[in-house]
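The block underneath contains the structure these notes are about, expressed in C-alpha cells.
The values are calculated or read from the model by the stated rules, or taken from the named source; none is laboratory data. Keep in mind that what you see is a predicted model, and the values were worked out from it rather than measured. Heads up, the Cβs are rebuilt from the backbone with ideal geometry, glycines too, and the neighbour counts pull from every protein chain shown.
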Amino acid sequence: MLDTSFHDADADADAVADAHAAVHLRVASPADVPFIVDAIVAESRQGHFASDGSRPDVLAGLWHQIQSVVADGVTPMPDARNGAGGRAFVVQVGDVNAAFAILVEHAPGSWHERIELFACVTHAAFRGRGLARFLVRSLVRDSRSAAVYARCAGASSAMAALLASCGFAHVSRSPEGIATLEFTRIVPVTVRG
C-alpha cells in the first residue's frame, strides 16, 4: 500500500526541525496529562471543543478520559464507542510541550479501518510554525488506518483549513455546525486475470 498524498511529510519534518532545533513527536506519558487537559479546557472556552471545563463534573470526566487514553490506551466514552482504543501524542520543542493530538478508534477494534483525530491542539505560543501540519501528517501516515476523520466545531475554521491542506475532504456538516472531514488512504487495486 503506497500513500503518495503524504510524500512530503518528511519534508515537513525537516522544515519544522530547521525552524526549531529540537522538535520531537512522541507518545504521551502520564506527566503530559495536565498539558493536554489544560489545552482542551482553554480551547473549549474559544468554542473549539464541546466540553465545558468550568463544570467540576465535566472536568473530572475529562481528566479521567485523558488519563485512561494515556495510561491504558483505552477511551472511556458514553456510547457504543466506549472502550475504543486511543493513543495520545505530544510534540515537544526542546523540553517544552508545544502540541498534542489524540487518535481514537471509530469503534472498538477498528484501528486499521477507521479512526478519529479526536483532539488536536497547538499551544498558542507555537502556532504558525508548521507543527500542527507535521503532527497531523505524521499521525495519519504512521497510523496506517484506511480512513481518518475529524469533527470540527464552527469556531475551528483554522483546523478545518489545516486538515484540508493535509488531504482531508469535507464530507458533512451537522445541523449544529460540526464539520466532518476525512482522509481516505488510496489503496491500489490489484487485478488478477
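Contact annotation: residue pairs with Cβ atoms under 8 Å, 6 or more positions apart or on different chains, pairing a residue in region 63-91 that is touching a residue at least 12 places away in the same chain (Cβ under 8 Å) and surrounded by fewer than 18 Cβ atoms within 10 Å (Cβ to Cβ) with a partner that is polar (S, T, N, Q) and part of a loop (DSSP other than H, G, I, E, B), are Pro76/Asn82. Ala107 meets each of the listed conditions (1) under 23 Å from Gln65 (Cα atoms); (2) modelled with pLDDT of 95 or more; (3) not hydroxyl-bearing (Ser, Thr, Tyr) apart from (2). Out of curiosity, is Ser29 of a type in the set (S, T, N, Q), over 19 Å from Ala125 (Cβ atoms) and modelled with pLDDT under 95? In short, no.
If the requirement is being closer than 20 Å to Ile40 by Cβ and touching a Pro at 6+ places or on another chain (Cβ under 7 Å), which of these qualifies: Asn82, Asn97? Just a single option satisfies the conditions, and that option is Asn82.
Strands (runs of 3 or more DSSP E) wholly in region 117-191 with at least 2 residues that are within 26 Å of Ala42 (Cβ to Cβ), of a type in the set (Val, Ile, Thr) and in contact with a Cys (Cβ under 7 Å, 6 or more places away or on another chain) - which ones? Working first, answer last.
Details: elements: 147-152, 169-173, 179-184.
Answer list for region 117-191: none.
From the list Ala132, Ala147, which residue is in contact with a helix residue (DSSP H, G or I) (Cβ under 6 Å, 6 or more places away or on another chain) and in contact (Cβ under 8 Å) with a residue 12 or more places away in the chain? It would help to see each step written out before you state the result.
Values: Ala147 fails: in contact with a helix residue (DSSP H, G or I) (Cβ under 6 Å, 6 or more places away or on another chain).
Step by step, each of Ala132, Ala147 is checked, and only Ala132 is in contact with a helix residue (DSSP H, G or I) (Cβ under 6 Å, 6 or more places away or on another chain) and in contact (Cβ under 8 Å) with a residue 12 or more places away in the chain.
Going residue by residue through region 87-94, is there one that turns out to be assigned to a helix (DSSP H, G or I) and of a type in the set (A, V, I, L, M)? No, region 87-94 contains no residue that is assigned to a helix (DSSP H, G or I) and of a type in the set (A, V, I, L, M). Scanning region 34-68 for residues that are closer than 14 Å to Cys120 by Cα and in a helix (DSSP H, G or I) yields a count of 11. Taking region 69-83 as the search range and keeping residues that are of a type outside the set (D, E, K, R) and in a helix (DSSP H, G or I), which one is nearest to Val104 (Cα to Cα)? Here the answer is Val69.
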